[in-house]
Structures are given as structure tokens and as C-alpha cells.
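> Pasting in a structure now, in C-alpha cells, and then I'll have a few things to ask.
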Amino acid sequence: MSTTTLEMAPVVRSTAQGITRNAMEVATSVTLALVGAAAIWDSARIGAGWGADGPQSGYFPFWLGIILAGTSFANLLPILRGRGEHAGKMFVTWPQLRLVLSVLIPTVFYVAAIPITGLYVASAVLVAYFMMKLGDFTWRSAVPAGLATAVVAFATFEIWFLVGLPKGPLEDMLGF
Amino acid sequence: MEEIGLLMQGFAVALQPDNMLLMLIGVVLGVLIGVLPGLGGANGIAILLPLTFAMPPVSAVIMLSCIYWGALFGGAITSILFNIPGEPWSVATTFDGYPMAQQGRAGEALTAAFTSSFVGAFVAVVMITFVAPVIAGFALRFGPPEFFAVMFLSFASFVGMAKGSPLKSLAAMMLGFLLAAVGMDTVTGQLRMTFGSSEMIRGFDFLVAVIGLFGISEILCSIEDGLSFKGQKAKIDLKVVLRTWKEMPKHALLAARSAIIGVWMGITPAGATPASFMSYGVARKMSKDPAGFGHGKIEGVIAPETAAHAAGTSALLPMLTLGVPGSPTAAVLLGGLIMWGLQPGPMLFVEQKEFVWGLIASMYLGNIAGLLVVLVAVPWFAAILRVPFPIIAALILTVCAIGAYTVSNAEFDIVLMLIFGVVGYVMKKLDYPLAPLVLALVLGDRTEEAFRQSLLVSEGSMGIFFHNWLSGGIMAAGIALLAWPLLGWLRGVIASGMGRARAA
């Protein structure tokens, strides 16, 4: 099972099921318009006009927000009228999305783990996990590779460059 | 010829053993970065930038700019051998480079690519040597309105010359400006758009954004295609190199034309990627055998590579002289200058002669070093892509996380990096250009400052930007560029309206 995921992509055709490009265009435009609206709202709150000592803090972002919201709506129009140049195309097909998530979800866990375990332990686990889950490696090669990554990173940053990276209980135990 | 003397002083700086070593490290790292998917010039430099804080600025900039040259060289390796453009500007190189490799002419294609990259870079560096001091001297007279006008022009040219939707360029740019504005207002000290979150007070660091937008998103994009690298064998020996070099003078005119296209596109903030495509297109159009392009024609390798490298190099000209970078990588280097405590802009040429000329001299030497390194070590660099993707992906994610953390020793920045990665993935797939976003993020504060200072002088009147022929002229050029897509759109509307009228 674990070895087959990477070989699925070539059979993907453009007619495959997935998230349509237009749906994603609409979602992105709406998100950007909301960001613009948030900027307008916050700028209006702190003052977007002319103060006693020149332009107020909100002056510049206020107009940025208006342009962003405006362009987002303009992007939206042709799609809503069904005339988008990418009508009917896929943003990402389900098999593609599964591949993307197979990288993205472990990465989310990796980032979430760094404050708890420290960066070195988390990186070692990430390397070993990717090798076993996405590649066809057994723990016999994956575990040493993960350890090697952590040790090389530690030697490079903590010892050579004297740059401290997040450390966890393991490093505390080892006395660093 | 005052420049020659200054350049010689620069060589004295760049030829110091420490700096030579850094140059070599930079070039090797750069080629590595250029070969690996997910690590490009911009985010490779972004990751390594925090490690250079302890170095003298001139050594730091020599190493980082050499990473950039290395990445420019490295992009060609994967395009030719694997049909995978390591960098966006090497996409056009795949058109003829990969067919050549399939025909067993990989060595020839690689030699041609590296040599023409070198030629392109050389032309651009010579141009920088003589033009930069002139522009910098001219720009010394700039006030806030002129600086705002220059930035306005460079952002307008993103909209006017965008290959895709101008609206999307504009939206990406505005997003970049807004992200730059988050946090403490540098003029009044007021908090903006933090929405009560204490993590937002620091604002968004452009290095974190670059690592996410260019690094993480690239990993996500490349996993979609399944990624089993199938490469052609790279055999490159002295015989092939010499034979190809003997052929090269025949294409001197092509190289010269491509270099000019590249230099021009690099100075205007369009960058290396469109330059390579444009140069390829022009070469095909002007060739006697246009049908042969795409099937392994050496001209199809020379044209884009010369232009891309010329553009990548000359993108540093506006960065050095005006403080307005011409490409995302130049933008990251500009961010570096600010972090090392240097003030980018024309004053650099007056106050930091050693820095400027050391950098320019290192451009000459770095490109020679780069050419030698890639010619000698191509098979080793190509072997890197034979490392299975899961290992490469995990290592790149780790390196990106380390890079994001070291920017300001904040764990939250790693989370931001991941968010920027997903944002970048969506934007890339929807053809929102990332370059204007990054440039706006880097230049946001300085643009706003120039804008507000100008308005302070004029007490709120926009007329200040047209107060003399200089800023007025630049602003007018910017407005013309902004209006360009609008004109095309209007013409389309009128034409379809007339077509409809005729049909009725």
C-alpha cells in the first residue's frame, strides 16, 4: 500500500473528479475581498484621513484594502457569469489532492510538534516517516537516516554556526 | 575611467582568501539549491540570510549573491537532464535542452547552457559596472516624491507587462502591501491590522513569507505529479566542452541579442522568467529553421539561458542604485542589506564604496567560479535528483523550517511559513503571480514612507508627484503601464461589439 501512492499520478486524466478551478477561483477571490474588507475596516477604525501631523496610520492601508477588494470582485465577475477561461477545468483532482495531503498533513503535525519535542526530534521523525510511508524503505534504513539528519543538523547549527534551534526534553536530558 | 579604479579596489576585496572561499561555497550551495525542487534562489538565500548576520556585510553579500549565480546555473541541469525546470526561468531551456539530452547530446546541451549563461551574466555585469554609478549619481538628487514614483513605476510594470491577468497581479501586489503594513506603524507607532493578536505585532517577515511561498508551495506542487525523476545520463568531458565551444562563436549574434533582451527585462522588474521565454520566442521567430525548435536545437538552449542569466544579474542594478529590486531574489538580497545595517539606494555608492565594488567584482569572479564548478561537477549534481523524493522532500521541509525559525527565533514563524506555503500553492495553481507579492512585502514600508513624506511636504495634495518633470515623467510612464491592459481590454470589447454589429 505504502509504495503505490507515488505511482498513481500518471493515470490521472484531466477529466478526473476533483475540486473545480472555478470553485477555487471564487473561494480565493472572496477570501481576498474579505482581507481587503478587514483592512478597510481596521484602517477606518484607526483613522484613514488627514490628521494634525499628516496622513493618519490608516491612510495607506485603507486604499490598499479598497483596491484589493475591488480587484477581487473584478476577478469574480467573469467566473460568476460563466465566462471564465478555465471553466470546466480542475484545480486539483482527488488523487492529486491525496498525494498533496500525504505530504501536507504530516508537515502540519511536524510543525505542531516542534514546540513540544524540539526541532531535531521532530525532523528525525519526519524524515523516517516520509521514507517509510511515501518511499519503499523499511525502518532499517529509515530510522538511521532520521537520526543522521538530526545529528547533522545539530552539529551544523548548534556547534558550527552557534545558532540555537528549538530544543525539547530529549536535548535537556542529554544536557544541552 | 573612475569605475575601473574602483572596480580594481573591489577585486582586492573579493580576492581576499576568505571571500574567495565564501564565493566557492556560495556557488556550490547555489547550484545545489538550483537543482533541488522547492529550493530556489530566492528562498535559498532567505534561508541562509540569518546565518550571515555575524559576517561583514561585503562577505555576506558575496556569498549570497554567489548562491544566486549558482542557482541560475543549476536550473539548467535539471531542465536538460530531467525535463524538470529547477527554476521558473529554466522552463524555456527544457524545450530544446531535454530533446538534445534524449538524443544523447546532453553534454553538448549542458556546455552550451552553461557557457551562454556565463556570457549573459558577463554582459550584464559589464553593464552594471558602467551604468550603475551613473544612475546612482543621478538618483542622489531624488526626494521622496521621486522615490515613490520609481516604486510606482516598478509596480505598475508588473501589472502592465504581466503575462497573465493584470487584475491578479494587482491583487497579489495589494496583498503583499497589506501584509507589510501589519504591525507597528513606523511613523506614528500605532498598531495596524493586528486584530488584537500579540503574534501579529511583529508583522510578517518577508523571509518567512518567501520560504513558505516559494519553498513549501513548490514541494506541494511537485508531489502532485507523482515525482519519479527519470533523468538522462550526463556525460560531460573536455572533448565535448571544447567541441561545443568551437561551435559557439557561430551563435554570437544570437547570444548578443538574447543578452540585450535579458538585460532590459532584468532592469525593469519583469525578471528572468519572461526574459527567457521572450528570448526563446524571438530566436525562433528570427531563425531560418523555426520548425526545428523544440526538437533539440542548440539555439533553443543558448537563447533562453543567455537571457535568463543576463536578466537575473541585471536585476541587481535597480536594487543597488535605487533600492528597488528587479526580482524576488534581488528583493531578498535587498532585505539582507537592510538587516546588515546598510541603507539601500544611491547613497550606497557614496558611503559604502568597498561594499558596492566588492560585490560587483565578485559578480565577475563568481560567474567564472560558477562556470568551472558546473562544468566539472555536473554528474554529481545530477546524481542528487536520483535520491528518492521522500528523502528530498523531508530534508527540504526541515531546512525550510530551520530557515523560518532562525529569522527571528520565533516558533510561530514556522506556522506562518506553513500557512504561506498553502497560500502559495493555491496562488500558483490559480496563476496569481508571487513576485509582485514578495516585492510589495519587501518594499511596502519604504513605499508607504515615501508616499507619506511626499504628502507631508505637499500637505495632502497628490500634485506633489507631478511637481517636476522627473517624478512627473516617471509617474506618467507608470500610469501608462497601468492603463495598458485596460486599453487592450477596451479594444477587445469594441472589436467584439463591432463584430456583433456586423453579424446583426
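The values are calculated or read from the model by the stated rules, or taken from the named source; none is laboratory data. Predicted model only: the values in this text are computed from it and were never measured. Because the Cβ atoms are built from the backbone with ideal geometry, glycine has one as well, and the counts that use them run over all protein chains shown.
> Does at least one position in the stretch B:189-202 carry a residue that is within 30 Å of B:Pro390 (Cα to Cα), out of contact with any Cys (no Cβ under 9 Å at 6 or more places or on another chain), more than 7 Å from chain A (Cβ to nearest Cβ) and assigned to a helix (DSSP H, G or I)?
Within the stretch B:189-202 (the criterion being within 30 Å of B:Pro390 (Cα to Cα), out of contact with any Cys (no Cβ under 9 Å at 6 or more places or on another chain), more than 7 Å from chain A (Cβ to nearest Cβ) and assigned to a helix (DSSP H, G or I)), the answer is no, since none of the residues qualifies.
Matching residues to (1) more than 26 Å from the chain's Cα centre (by Cα); (2) in a helix (DSSP H, G or I); (3) facing chain B (nearest Cβ under 9 Å):
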site: A:Gly36; (1), (2), (3): no, yes, yes
site: A:Arg45; (1), (2), (3): yes, yes, no
site: A:Asn75; (1), (2), (3): no, yes, yes
site: A:Ile79; (1), (2), (3): no, yes, no
site: A:Leu101; (1), (2), (3): no, yes, no
site: A:Pro115; (1), (2), (3): no, yes, yes
site: A:Ala128; (1), (2), (3): no, yes, yes
site: A:Met131; (1), (2), (3): no, yes, yes
site: A:Gly135; (1), (2), (3): no, no, yes
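> Just the residues that are of a type outside the set (Ser, Thr, Tyr), more than 16 Å from B:Gly34 (Cα to Cα) and crowded, with 18+ Cβ neighbours inside 10 Å, please, taken from the stretch B:353-375.
Those that are of a type outside the set (Ser, Thr, Tyr), more than 16 Å from B:Gly34 (Cα to Cα) and crowded, with 18+ Cβ neighbours inside 10 Å: B:Phe355, B:Val356, B:Trp357, B:Gly358, B:Leu359, B:Ile360, B:Ala361, B:Met363, B:Leu365.
> Does B:Gly463 qualify as being more than 14 Å from chain A (Cβ to nearest Cβ) and either of a type in the set (Lys, Arg) or crowded, with 16+ Cβ neighbours inside 10 Å (or both)?
For B:Gly463, the condition - more than 14 Å from chain A (Cβ to nearest Cβ) and either of a type in the set (Lys, Arg) or crowded, with 16+ Cβ neighbours inside 10 Å (or both) - is not met.
> Could you check, for the stretch B:66-86, whether at least one of its residues is surrounded by 22 or more Cβ atoms within 10 Å (Cβ to Cβ), over 21 Å from B:Ile211 (Cβ atoms) and not hydrophobic (A, V, I, L, M, F, W, C)?
yes
> Condition check: at pLDDT 85 or above and touching a Leu at 6+ places or on another chain (Cβ under 9 Å). Does B:Ala132 satisfy that?
So B:Ala132 fits the description; yes.
> Consider A:Thr156 against the criteria (1) more than 8 Å from chain B (Cβ to nearest Cβ); (2) under 21 Å from A:Val103 (Cα atoms): it satisfies all of them except one. Which criterion is unmet?
In the conditions (1) more than 8 Å from chain B (Cβ to nearest Cβ); (2) under 21 Å from A:Val103 (Cα atoms), A:Thr156 misses (2) alone.
> Take the stretch B:44-62 and flag every residue that is within 14 Å of chain A (Cβ to nearest Cβ) and more than 18 Å from B:Gly74 (Cα to Cα).
Scanning the stretch B:44-62 gives B:Leu49, B:Pro50, B:Leu51, B:Thr52, B:Phe53, B:Ala54, B:Met55, B:Ala60.
> Can I ask one more? Cβ contacts < 9 Å: first residue within 20 Å of B:Thr406 (Cβ to Cβ) and free of Cβ contacts under 8 Å to residues at least 12 places away in the same chain, restricted to the stretch A:156-176; second residue hydroxyl-bearing (Ser, Thr, Tyr) and surrounded by fewer than 17 Cβ atoms within 10 Å (Cβ to Cβ), any location; separation 6+ or different chain. Result?
A:Val163/A:Thr156
> If you don't mind, another one. Is at least one residue of the stretch A:137-147 assigned to a loop (DSSP other than H, G, I, E, B) and surrounded by fewer than 19 Cβ atoms within 10 Å (Cβ to Cβ)?
Yes: one or more hits.
> Related question: What number of residues in the stretch B:420-462 are in contact with a strand residue (DSSP E or B) (Cβ under 6 Å, 6 or more places away or on another chain) and assigned to a loop (DSSP other than H, G, I, E, B)?
1
> Inside the stretch A:159-176, can you point out the residues that are away from chain B (no Cβ under 14 Å) and either under 21 Å from B:Glu411 (Cβ atoms) or β-branched (Val, Ile, Thr) (or both)?
Matches in the stretch A:159-176: A:Pro169, A:Leu170, A:Glu171, A:Asp172, A:Met173, A:Leu174, A:Phe176.
> While we're on this one: Look through B:Val442, B:Val415, B:Val378, B:Val422 and report the one residue that is closer than 25 Å to B:Val61 by Cβ and either more than 7 Å from chain A (Cβ to nearest Cβ) or surrounded by fewer than 23 Cβ atoms within 10 Å (Cβ to Cβ) (or both).
None of the other options fit; the residue is B:Val442.
> Among the listed residues B:Ala369, B:Ala404, which satisfies the condition of being part of a helix (DSSP H, G or I) and under 30 Å from B:Trp245 (Cα atoms)?
Exactly one residue qualifies, and that residue is B:Ala369.
So that you can scan it fast, the table gives a plain yes or no per residue for (1) surrounded by fewer than 20 Cβ atoms within 10 Å (Cβ to Cβ); (2) touching a residue at least 40 places away in the same chain (Cβ under 8 Å):
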{"residue": "A:Ala33", "(1), (2)": "no, yes"}
{"residue": "A:Asp42", "(1), (2)": "no, no"}
{"residue": "A:Ile46", "(1), (2)": "yes, no"}
{"residue": "A:Gly58", "(1), (2)": "no, no"}
{"residue": "A:Gly65", "(1), (2)": "no, no"}
{"residue": "A:Trp94", "(1), (2)": "yes, yes"}
{"residue": "A:Val100", "(1), (2)": "yes, no"}
{"residue": "A:Ala124", "(1), (2)": "no, no"}
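> Then there's this: Among the residues of the stretch B:169-182, which ones are at pLDDT 90 or above and touching a Pro at 6+ places or on another chain (Cβ under 7 Å)?
Across the stretch B:169-182, the qualifying residues are B:Ala172, B:Met173, B:Gly176, B:Leu178.
> While we're here: Scanning the stretch B:381-401 for residues that are surrounded by fewer than 23 Cβ atoms within 10 Å (Cβ to Cβ), assigned to a helix (DSSP H, G or I) and free of Cβ contacts under 8 Å to residues at least 60 places away in the same chain, which turns out nearest to the other protein chains (Cβ to nearest Cβ)?
B:Thr398
> Select from the stretch A:47-64 the residues that are more than 7 Å from every other protein chain (Cβ to nearest Cβ) and part of a helix (DSSP H, G or I) and list them in ascending order.
Once the filter is applied, which keeps residues that are more than 7 Å from every other protein chain (Cβ to nearest Cβ) and part of a helix (DSSP H, G or I), the stretch A:47-64 yields A:Tyr59, A:Phe62, A:Trp63.
> Scanning the stretch B:154-184 for residues that are under 22 Å from B:Asp205 (Cβ atoms) and surrounded by fewer than 21 Cβ atoms within 10 Å (Cβ to Cβ), which turns out nearest to the other protein chains (Cβ to nearest Cβ)?
Restricting to residues being under 22 Å from B:Asp205 (Cβ atoms) and surrounded by fewer than 21 Cβ atoms within 10 Å (Cβ to Cβ), the top hit is B:Met184.
> Let me ask you something else. Given the criterion in contact with an Asp or Glu (Cβ under 9 Å, 6 or more places away or on another chain), closer than 21 Å to B:Pro325 by Cα and assigned to a helix (DSSP H, G or I), identify the matching residue among B:Ser258, B:Ser276.
After applying the criteria, what remains is B:Ser276.
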